[in-house]
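The values are calculated or read from the model by the stated rules, or taken from the named source; none is laboratory data. Keep in mind it's a predicted model, so treat the numbers as computed, not measured. FYI the Cβ positions are ideal-geometry reconstructions off the backbone, even for glycines, and counts take in every protein chain you see.
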């Protein structure tokens, strides 16, 4: 088949959506399909009114009568699914969350008449455009539940595989906990760093990730300095993929207290690395893979609760090892593969 992928693009940024898109393209080609991609320009620095322009841009694109014709389109990020096509399949990554589940939180926009109007337009329009699809898949139960709550739509869960899963390995269980994630408030690094104030044993926290919010990075560094945590917490930047994989391989466990994560590649990568994962009850996607006390911990979203399980795993490294092994066995049992994804998207 000729398959057209529709997605958005922020220039010079490569995150989880771009990794997923690249994996999908390669898998479709490997399965013998002809693939092309259309990108809608996304601008993180633009005012919220720009979102309405993106929606219109996607809607006026005419892909039904291309020559040569696309047999199907696969839509990923908002507002890619505004495009018209008789065989539109949506693999839904997430809403424009600031106007959905992040509305009226510290992560959302100011609540005023202007943003309320934009929110109403987006939710109503999203619902209508999503209804046009022949089939909607969601990347996690968390995302599917949001679709049901806000748009009244059902979606089948289709978990994406990680990139180069064979590259992850387990080397040892050293005296540090690893938190690999981009530096952004929604990832809640402060929660993990704050937990280190209450940890009783000589263990470190290593944070690694690209900086999305410079002011947030400054606040993390000030917090570390204020509480004299320089010997307990390290923030590493600009690491290669290999360096990150090596840190996974040597960590005692992984800490990932992110707020209501859509999916959480970090959880999956940790499981392939045979590491237990500490996450929170409101962390979303990671809680779909972690069983409390079995292959990690799901704790209250506070510093003391995180510190308690960090100490528990340090005191009993055999527990950390066994949990990591159970996580590895679980992720293998789920058989996350691109072959499965392509089969679902193309043939249902």
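Couple of notes before you dig in:
- Hits in the range 50-76 (condition: at pLDDT 90 or above and part of a strand (DSSP E or B)): 72, 73, 74, 75
- Residues (closer than 24 Å to residue 20 by Cβ and buried (at least 24 other Cβ atoms within 10 Å of the Cβ)) located in the range 281-320: 283, 285, 286, 290, 295, 296
- Residue 136 falls short on exactly one of the conditions (1) buried (at least 20 other Cβ atoms within 10 Å of the Cβ); (2) out of contact with any strand residue (DSSP E or B) (no Cβ under 6 Å at 6 or more places or on another chain), and that condition is (2).
- Counting the residues of the range 320-339 that are in contact (Cβ under 8 Å) with a residue 12 or more places away in the chain and in a helix (DSSP H, G or I) gives 13.
- When each of 204, 187, 222, 232 is tested for being in contact (Cβ under 8 Å) with a residue 40 or more places away in the chain and out of contact with any helix residue (DSSP H, G or I) (no Cβ under 6 Å at 6 or more places or on another chain), the lone residue that passes is 187.
- Every listed requirement among (1) surrounded by 15 or more Cβ atoms within 10 Å (Cβ to Cβ); (2) more than 20 Å from residue 313 (Cβ to Cβ); (3) over 19 Å from the mean Cα position of the chain (by Cα) is met by residue 212 save one, (3).
- Among the residues listed as 45, 32, 23, the single one being within 20 Å of residue 89 (Cβ to Cβ), outside any helix (DSSP H, G or I) and out of contact with any strand residue (DSSP E or B) (no Cβ under 8 Å at 6 or more places or on another chain): 32
Every residue, every condition in (1) touching a helix residue (DSSP H, G or I) at 6+ places or on another chain (Cβ under 6 Å); (2) at pLDDT 85 or above, yes or no:
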| position | (1), (2) |
| --- | --- |
| 5 | no, yes |
| 10 | no, no |
| 21 | no, yes |
| 25 | no, yes |
| 32 | no, yes |
| 36 | no, yes |
| 45 | no, no |
| 48 | yes, yes |
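- Unique match (being surrounded by fewer than 19 Cβ atoms within 10 Å (Cβ to Cβ), in contact with a helix residue (DSSP H, G or I) (Cβ under 7 Å, 6 or more places away or on another chain) and either without any contact (Cβ under 8 Å) to a residue 60 or more places away in the chain or assigned by TED's automatic domain parsing to the domain that holds residue 282 (or both)) among 127, 105: 127
- Flag for residue 120 being exposed (fewer than 15 other Cβ atoms within 10 Å of the Cβ), modelled with pLDDT under 95 and outside the structural domain of residue 285 (by TED's automatic domain parsing): no
- Residue 199 being in contact with a helix residue (DSSP H, G or I) (Cβ under 6 Å, 6 or more places away or on another chain), at negative phi, in contact (Cβ under 8 Å) with a residue 24 or more places away in the chain and crowded, with 18+ Cβ neighbours inside 10 Å: yes
- Qualifying positions in the range 321-341 - farther than 17 Å from residue 274 by Cα and either surrounded by fewer than 20 Cβ atoms within 10 Å (Cβ to Cβ) or in contact with a strand residue (DSSP E or B) (Cβ under 7 Å, 6 or more places away or on another chain) (or both): 337, 338, 339, 340
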